[in-house]
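Enquirer: Here it is, the structure in full.
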Amino acid sequence: MAHKNKPLTQADKRKQIEDILRVSPQLSSRKIAELVGVSPTTVSKIRKELSNKIVQTGQLDTQAEYHPYIQENPDILIGLSERSLRALKNYDVQVKMAELRSRSPRYAQRLLYKERVEANKHPAITVTEDDVDVFVGDVRTGLPQIKDSSVDVVLVDPPYDRQSVETLYSHIASVAGRILVEGGSLLVMCGGSYLDIALRELSTDKRLRYNWDIAYVCPRGIPLIHSRKVSTAVKHILWFVKGNYEGKIVYDLIEVPPDLDGTDKSFHPWGQSVDGVKEILRRLSKDGDTVCDIMCGGGSTVVATLELSGRRVIACDIDEDAVRTTQRRVRKLFGHTR
């Protein structure tokens, strides 16, 4: 919500008017003026400008479909943050708001997320401890321990420095090309500094083809890349496919939940958010799949896969201590005290 003591600028008011016109164009200019705190003449002017824009471009405004609850309560839009407005574009969020008679898109979004998590706790396929294989292995050996065409998704978070990108990423591609099933996905987390080299090295295995770059937003600390004069909150998930991908349509933006208790790095210096990885796997895997992490570190991908349920896991790392940490986390998830 906007700060109550901070006066709205003309640009803020214009945006609110435009948002309301998109949600409830049937409202009179006088009513919208009352909601925003401007004159009816201002609203009429903006209404005309929007109408002229549609006519000139020959396109309808298809920004979003709005639930009757939102149309009947357009004042909900007053003071919403950009993130709340983005959440509101999801029709399921609007339905949940109507169900709760809520005025908060973010609250409805969080409830929907929790409901999806709960729904995934009871999959049709039960995974046991025997469905988890965690071992010490070096990607540069080709990892013969993993069978050909036995994995549905390879998700890996390798180092981002130039030397690692130049020397390891081609091995990642080679292993993935061998162990993935037809239609399987390779997902490589990558920084932006050497993205061009990463794409080149991951393209060396001709069994794989580049599919997309998914934005993985991690607004924590916002590191400054001095050499590039960039302050970044985004990592890349480079998505390669073996053969033809037949899965569902994937939205290419993932926002990592806040790490409120600072646990992401508890098990490994480069540890990732378990909730963030679960969202990746929720979009790009399904019940019955085998998920593989060939640089598992402290085990975030393994834990995320098992918490999501219904998916078998293969994981390895060159670091014996990291493998032991991951194995301990697996035993804990299956109820072992040690």
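Enquirer: How many residues does the stretch 139-175 contain that are among the acidic types (Asp, Glu) and either surrounded by 15 or more Cβ atoms within 10 Å (Cβ to Cβ) or within 22 Å of the chain's Cα centre (by Cα) (or both)?
Expert: Matching residues across the stretch 139-175 total 2.
Enquirer: For the stretch 253-304, which residues satisfy the criterion of being assigned to a helix (DSSP H, G or I) and either modelled with pLDDT under 80 or under 15 Å from Val323 (Cβ atoms) (or both)?
Expert: Ser300, Thr301, Val302, Val303
Table: residues versus (1) modelled with pLDDT of 85 or more; (2) within 30 Å of Leu308 (Cβ to Cβ).
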{"site": "Lys15", "(1), (2)": "no, no"}
{"site": "Glu34", "(1), (2)": "yes, no"}
{"site": "Ser39", "(1), (2)": "yes, no"}
{"site": "Ser44", "(1), (2)": "yes, no"}
{"site": "Leu112", "(1), (2)": "no, yes"}
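Enquirer: Can you tell me how many residues in the stretch 145-173 are more than 17 Å from Cys190 (Cα to Cα) and in a strand (DSSP E or B)? Steps first, please.
Expert: Within the stretch 145-173, the first condition is being more than 17 Å from Cys190 (Cα to Cα), and the residues that meet it are 145-152.
Filter once more, so that each one left must be in a strand (DSSP E or B): 151-152.
Count: 2.
Enquirer: Within the stretch 83-101, which residues are exposed (fewer than 15 other Cβ atoms within 10 Å of the Cβ) and not in a helix (DSSP H, G or I)?
Expert: Lys89, Arg101
Enquirer: For residues in the stretch 72-82 being surrounded by fewer than 15 Cβ atoms within 10 Å (Cβ to Cβ) and either at pLDDT 80 or above or of a type in the set (A, V, I, L, M) (or both), which is farthest from the chain's Cα centre (by Cα)?
Expert: So, considering only residues that are surrounded by fewer than 15 Cβ atoms within 10 Å (Cβ to Cβ) and either at pLDDT 80 or above or of a type in the set (A, V, I, L, M) (or both), the one farthest from the chain's Cα centre (by Cα) is Glu72.
Enquirer: Based on this model, can you work out whether Tyr210 counts as part of a loop (DSSP other than H, G, I, E, B) and either at pLDDT below 90 or of a type in the set (Ser, Thr, Tyr) (or both)?
Expert: Judged against the criteria, Tyr210 is not a match.
Enquirer: Regarding the stretch 128-144, can at least one residue be identified that is part of a helix (DSSP H, G or I), at pLDDT 95 or above and hydrophobic (A, V, I, L, M, F, W, C)?
Expert: Checked the stretch 128-144: at least one residue is part of a helix (DSSP H, G or I), at pLDDT 95 or above and hydrophobic (A, V, I, L, M, F, W, C).
Enquirer: Oh, and also: Conditions first: (1) at pLDDT below 80; (2) under 30 Å from Lys278 (Cα atoms). Arg103 passes all but one, so which condition is the exception?
Expert: The single condition Arg103 does not satisfy is (1).
Enquirer: Still on this model: Would you mind telling me which numbered condition in (1) within 28 Å of Glu82 (Cα to Cα); (2) modelled with pLDDT of 90 or more Pro223 fails?
Expert: Of (1) within 28 Å of Glu82 (Cα to Cα); (2) modelled with pLDDT of 90 or more, only one is false for Pro223: (2).
Enquirer: Within the stretch 176-202, can you find the residues that are more than 20 Å from the chain's Cα centre (by Cα), small (Gly, Ala, Ser) and more than 17 Å from Ala315 (Cα to Cα)?
Expert: Gly183, Ser193, Ala198
Enquirer: So, one more: State whether the residues of the stretch 176-189 include one that is assigned to a loop (DSSP other than H, G, I, E, B) and surrounded by fewer than 15 Cβ atoms within 10 Å (Cβ to Cβ). Break it down into steps so the answer makes sense when it comes.
Expert: First pass over the stretch 176-189, keeping only residues assigned to a loop (DSSP other than H, G, I, E, B): none.
Taking every residue of the stretch 176-189 in turn, none turns out to be assigned to a loop (DSSP other than H, G, I, E, B) and surrounded by fewer than 15 Cβ atoms within 10 Å (Cβ to Cβ).
Enquirer: Sticking with this structure for a sec: For the stretch 190-200, which positions are farther than 19 Å from Ser231 by Cβ and crowded, with 21+ Cβ neighbours inside 10 Å?
Expert: Ala198
Enquirer: Quick check on my filter: what residues within the stretch 150-179 are under 15 Å from Val291 (Cβ atoms) and of a type outside the set (Val, Ile, Thr)?
Expert: Selection gives Ser150, Asp152, Leu155, Asp157, Ala176.
The values are calculated or read from the model by the stated rules, or taken from the named source; none is laboratory data. Here the structure is a predicted model, which is why all the values come from computation and not from measurement. With ideal geometry, Cβ positions are generated from the backbone for all residues, glycine too; neighbour counts draw on all protein chains shown.
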